[in-house]
Structure formats: structure tokens, C-alpha cells
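Structure, as C-alpha cells:
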Amino acid sequence: MLYSNKHTHLSICIYLSVCLSIYLSIYLSVYLSIYLSVCLSVYLSVCLSVYLSIYLSVYLSICLSIYLSVCLSIYLSVCLSIYLSVYLSIYLSVYLSICLSVYLSICLSVCLSEKKGSSSSLVGDPSRPRQVTVTTPGQKGAKPTVPSKRPSVKADLDVSKEFNKCKEEGAKRLDLSKSQITVIPSSVKELSQLNELYLYGNRLSSLPTEIGWLSHLQTLALSENSLTTLPESLVNLKHLKVLDLRHNKLNEIPDVVYKLTSLTTLFLRFNRIRQVDEAISNLTNLAMFSLRENKIKELPKGIGNLVNLMTFDISHNHLEHLPEEIGNCVMLNSLDLQHNELLDIPASIGNLRSLTRLGLRYNRLSAIPKSLENCVNMDEFNVEGNNISSLPEGLLSSLTHLSIITLSRNAFQSYPTGGPSQFCSAYSINMEQNQINKIPYGIFSRAQCLTKLNMKDNQLTSLPLDIGTWSNMVELNLGTNQLSKIPEDIQDLQKLEVLTLSNNLLRRLPAKIGNLKKLRVLDLEENRLESLPQEIGQLRKLQRLVVQSNLLTSLPRAIGSLTELTYLGAGENNLTTLPSEIGFLENLESLYINDNQELHSLPYELALCGNLQIMSIENCPLSQIPAEIVNKGPSLVIQFLKLRGTYYCQIQPVISVMCLPLCTLSLSSFSIKLVLPSRPLSQHFVI
């Protein structure tokens, strides 16, 4: 019984455990499957919804934006094209119609005006000034006239119309200049009221007799024509004061001119006149008389009757002598005799006490008359290009108002006698191209106004010890002499701006040259300089330095201080290198280092000269720069220096170098390195 109960209990336990396990397995499987399916479905639905919403929104927005932009662009282009085509068609039609109507109205008005015989094209327009060179005594400048607005007059009929218009309006002045006129019609006689008639710049070969009817005429301008003679009827022009016959084909002065006794101004320059008749003595009222650029060999004695003559220009002729009677023209203040063949000057020249200007340049003079010292009002004395070896003693001292003295290109072997007093008022002295071997000590001790001295091309071997007293000197030219030394006292010329010492025998410069603080130009070309002092760097205002054709082996590092330098000429020396400080010359425009046979390299800093426009490197070996680059010229050399220089920290947006095949390009903050192949350079590259 006991065993039976035990067996029953065991069965029940087994049954219960089996039931529980089955129940739990079924329950858990069902629960887990439901739970997992729900979770998975929720998760998937959420993910899909989010993904689809994002994808659809992005896709739709892109599609919509593209669609709208395309639609809008098409719509706007169509609208604008229609609008512009309509607008332009309307605008052009209106504009063309207006232009056509205006053009037709102008044509009609012109036709109508021609039918009425209008000559309004010759009416003076006071709004535009003329440029006329005809002047009368007392005038301060060229006498203005009024230009006419008209077409070019090409036929006698046109000129007649102009005459009719002038007559109708009662005009006192008529300007037919530069109108291609070949003939003046006889109807000119009807213009008796005219005071001024301008016919210059035409093609006239003759004038009509009727021009003598213009009884009130005071100015007759006939320059730049082809006149060979004048009508005798001009003698009737009793009031004529100005007669301009420049640039014609006159072989002689027409006889009628000698009868125009009222003339005050007579211009005959640029003709073919060979002689002046004695009848010139009739023109006693002449104040201005020009015979420049003719073929005159002598002047008549009658020239002395022109007692009112103030300006006489007979330059560029073939005069060998002047008549003594020239001294009777006591009113003369300007006498131009330059470019003749004068052998002497008459002593009567001293009577011209009103003379302020006497032009004697380029003649064959060997002496100057002492009587010239009476012309105390002269402010310029110029005898350049003669054969004068001395001046009368005290001549320059007597001419106390002289400010410009030019004795260049003569045969002076020494300074004029007269001492320091002869240069008291002079501010410019030019003694170039003579045979002077020294400047006398103290000769400029009283020349307080002297600012320019030109002693170029003489035989100076030394400079006076008192050079330091030339305190107002601004320009000093001592080139082409035999100077071997420059005195230290040159430092005292504190106002000096231009110093020319070229073509001398200088071996060194004084260190104190650096004290010339205002120096702008220093020319040392063709000397024997082996070096330049470091003090040259103190010339901070120097703009031009020329040391061409010397014996220099180097340039001082102090040259980098010359920041105002624009021109540096150092060719034809023995330079082996250039200082790296040359890169500080930011204003340098021209650099000449040609013909330096020992110059094998250039400093990379040269590429920093940003304003460099001209660089001459001919006949320099430059062996440390590839020959292909050197052969292509200075421009490519500069580009090469830029690319090789380690100083070059800023890379330009585009650097173009021609004819360089690039193999390796290394870039860093401080350098650009090119590794070039050994084969010839023939390609292009752009960084």
C-alpha cells in the first residue's frame, strides 16, 4: 500500500512537470513570437516611414525645384525676348523716322539757303579763337580772329558767295584761310569796308588787281601760298600795317612792297629772296621785320633808315657782313643774326643801347667789337659755334644784366679777362668744347647767382681749390676733360643736383661725396674707377647712376640704400657679381650690366626690382644660369631668378615661364624649386 502511494505521487509529479514544461514552452513560444513580431513590425514600420519620408521629401524638393527653375527660365526668356523685340522694333522705327525727318529738313533748308544766295558759312563765330601769328607793334600776342564754319571753298563761285555775305553784313574781317582757294575773284573790290583779310594756307599763285580797292585794309595775311609776285595796285592800300608773306615762293621782294610806307610789320621769312633793295629805306614805320630762312648775302645801307625798327630777324641766311648803318636802328631790342656766315660785326653795333637780345650763334666770327659793352641792357650773350678765342677786356663786366653767357664751341684757351665782376649776375655759364685748361681761382667768387656751369669737352687737369665756395651750384658738367682727382671740398656744394664727371681719368671718388644730399644724377662713365666708396649709399635722392666703362670689380653693398634710383649703368666693367642688396632698388627701371666678362651669376634678389623695364646683359657669360634661359633674354632670366630664389615667399596667382619643361615642382612656404632635365629646354609650363 505504501509502495502504491509512492508510485502514485511520482506519477503525479512527472505529469505535473510535463504539463508545466509543455505549458511554459507553448506560452513562451507564443508570447515571444508575438512580442518579437510586434517589436519587429513596429521597428520596421518606423524605419521605413522615416526613410521614405526623408527620401520622398528630398526627391520631391529636388524635382520640384528643377521643374520650377526650368519653367521660370523658359517663361522669363520668352517674355524678355518678346518684350525686347517689340521694344527695339518700336524704338528703332521711331528713332529712324526722327533721324530721317531731321536729315530731310536739313537738306531742304540747305537747298533753300543756296537758292537765296546765302553765304552765311563765312560769318565769324566768336565762340572759337583763331591761331594767327600776325602781330602788330604794341600787341602782347598774336592777333585773334574769328574762324568761319563753312565747307572747303573749292570754286570761284563759292568765294564770290563768301564775298557777297561779307558785303551784306558789312563785316570788317574776312577769314578764308585754308580753303583750297586757287583764284581770288575780281568781286573782291566790293569789300572796301574790310580792315583784315586772311588768306593764308591756300593755293594762290597770284592776286587780282582789284585787291588794291580795299582802301581800308590794315592786315593782309598771305602766308603759306605759292605767290611769286604781288600786283602793283597794292600801292593804294594806304592804311596797310601788317603784311604777312611767309612761306611763299618769292625770289625777290616785290617792288610794290617798298611803296607800302604805312607798314609796321613785314614778314618775308621762308621764301627764296636773294637781295634787299635800297628802297627798303622807304619803310620808316617798320617795327617788326623778318627775313629769316632766305638766301640773302648782304643788306643795303638803307636798312639804317628803319629808325623805328624794334625786332629784326635775318637769321639763317648767307650774310658775311653787316652795314655800318645798322647802328642807326637805335630802337632795336632784338637782333637775330644766327646761322649766317658773318666774319665780323661793325663797331656801330654799340649804338643799339636798347638791345636786349643779340643772336650771333653759328657764324664765322673771330672777334667781338668792344663797343658792344655799350649795350648794357642785354640779358643774354650767346656766341656759340664761332671761332672766337678771346673777348675784349671788361666786355662781360660792362654788361651788368647778363644772366646767360654762352661761349661754347669756340677757340677759347682761357677764361675771358675781366675778373670775378664779369659773372656777378650770371646764373648760367656754358664754356663747352673749347681749349681751356684751368678755371681761375676765385673767378666765381662774386657769382652768387651761378647755378649752372658747363665745362664739358675742354682740357682741364684740375679744379680750383675754392670749388667749395660755389655754394649755389645746381648743375655742374665737367665731362670730357683730363681730371684725375676730385677735391674733397666738393662736399660743400649742398645744392648740387647734377654732377657729370664722365670721360676723365678718375681712379677714385672722395668718400665725402656722400654729403651731396640733393644729388639726383651722378655720371662717372669712362673713367678708371676700380671701386666706389660705401658712402655713395648716402645719396638717398640719387635717381641716375652711370659708372659704365670703368674698371669696377664689384658694386658696394650700400647701393641698396639708393631707393630712388631709376637708372643704373654698370656695363663694360670687370664685375664678378652684383650685391644682393640690389633687390632693395624698388624704383629701378633700367639696368645695364652688359659686357662684364667675369659676371657668371646674378643675385636672386634682382627679381625683387618690380619696376624693372630694361635690363641689358649682352656679352655676360652668366654660366650659373642655364644657357637656354640666358639666350631667351633678360625677361626669362628674371623669371628664372624668381623661381630659384629662396627669398620669394609669395606665389603669384599665375606665373608663366616659356620654354621650360617641368620635371619636378616642389612648393613650400619659402621656396620654389625647379629640377630641370639634362635635355634641351623646348616646352612650356604654367604654374
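A short reminder: the numbers here are calculations on the coordinates, not readings from a lab. In this text, all values refer to a predicted model and were calculated from it rather than measured experimentally. As a convention, Cβ positions derive from the backbone with ideal geometry for all residues, glycine included, and neighbour counts pool all protein chains shown.
Here are a few things to note about the model shown:
- Stretching the chain fully between Glu488 and Lys370 yields a gain of 38.5 nm (0.36 nm per residue, less the alpha carbon separation).
- The 3J(HN,Hα) values that the Karplus relation (6.51, -1.76, 1.60; θ = phi - 60°) gives for segment 231-244 are, in residue order, x, 5, 5, 4, 4, 6, 7, 5, 10, 5, 10, 10, 10, 10 Hz. Gly and Pro appear as x.
- Prolate/oblate/rounded call for segment 350-458, Cα gyration tensor, a/c under 1.5 rounded: oblate
- Label positions at Glu380 and Ser334, each projected 7 Å from the Cα along the C-beta direction, are separated by 1.0 nm.
- Length gained on full extension, Ser635 to Ser414: 74.5 nm, using 0.36 nm per residue less the C-alpha separation.
- Each residue of segment 511-516 is assigned a 3J(HN,Hα), and the resulting list reads 4, 6, 4, x, 7, 7 Hz, derived from the Karplus form 6.51 cos²θ - 1.76 cosθ + 1.60 (θ = phi - 60°), x at Gly and Pro.
- A simple spin-label model places pseudo-atoms 7 Å from Cα toward Cβ; at Arg203 and Gln275 they are separated by 3.5 nm.
- Spin-label model, Glu618 to Ser354: label points 7 Å out along the Cα-to-beta-carbon direction sit 5.7 nm apart.
- Arranged from fewest to most other beta-carbon atoms within 10 Å of their beta carbon, Asp313, Asp489, Asp244 become Asp489, Asp313, Asp244.
- Net length gained if the chain between Ala627 and Lys249 were fully extended (0.36 nm per residue, minus Cα distance): 129.8 nm
- With neighbour counts taken as other beta-carbon atoms within 10 Å, the residues Trp213, Trp470 rank, fewest first, as Trp213, Trp470.
- Cβ-derived FRET efficiency at R0 35 Å, Lys438 paired with Asp344, nearest 0.05: 0.70
- Cα gyration tensor shape of segment 284-371, rounded if a/c is under 1.5, else prolate or oblate by comparing a/b with b/c: oblate
- Among Lys438, Lys632, sorting on how many other beta-carbon atoms sit within 10 Å of each Cβ, with the fewest leading, yields Lys438, Lys632.
- Too-long pairs where the Cα-Cα distance tops 24 Å, listed order kept, from Lys161/Lys189; Lys456/Lys485; Lys541/Lys642; Lys541/Lys632; Lys189/Lys295; Lys438/Lys541: Lys541/Lys642; Lys541/Lys632; Lys189/Lys295; Lys438/Lys541
- Efficiency of FRET between Ser192 and Thr229 - r from beta-carbon atoms, R0 22 angstrom, step 0.05: 0.40
- Highest average first, the peptides 597-604, 217-224, 613-620 ordered by how many other beta carbon atoms sit within 10 Å of their residues are 217-224, 597-604, 613-620.
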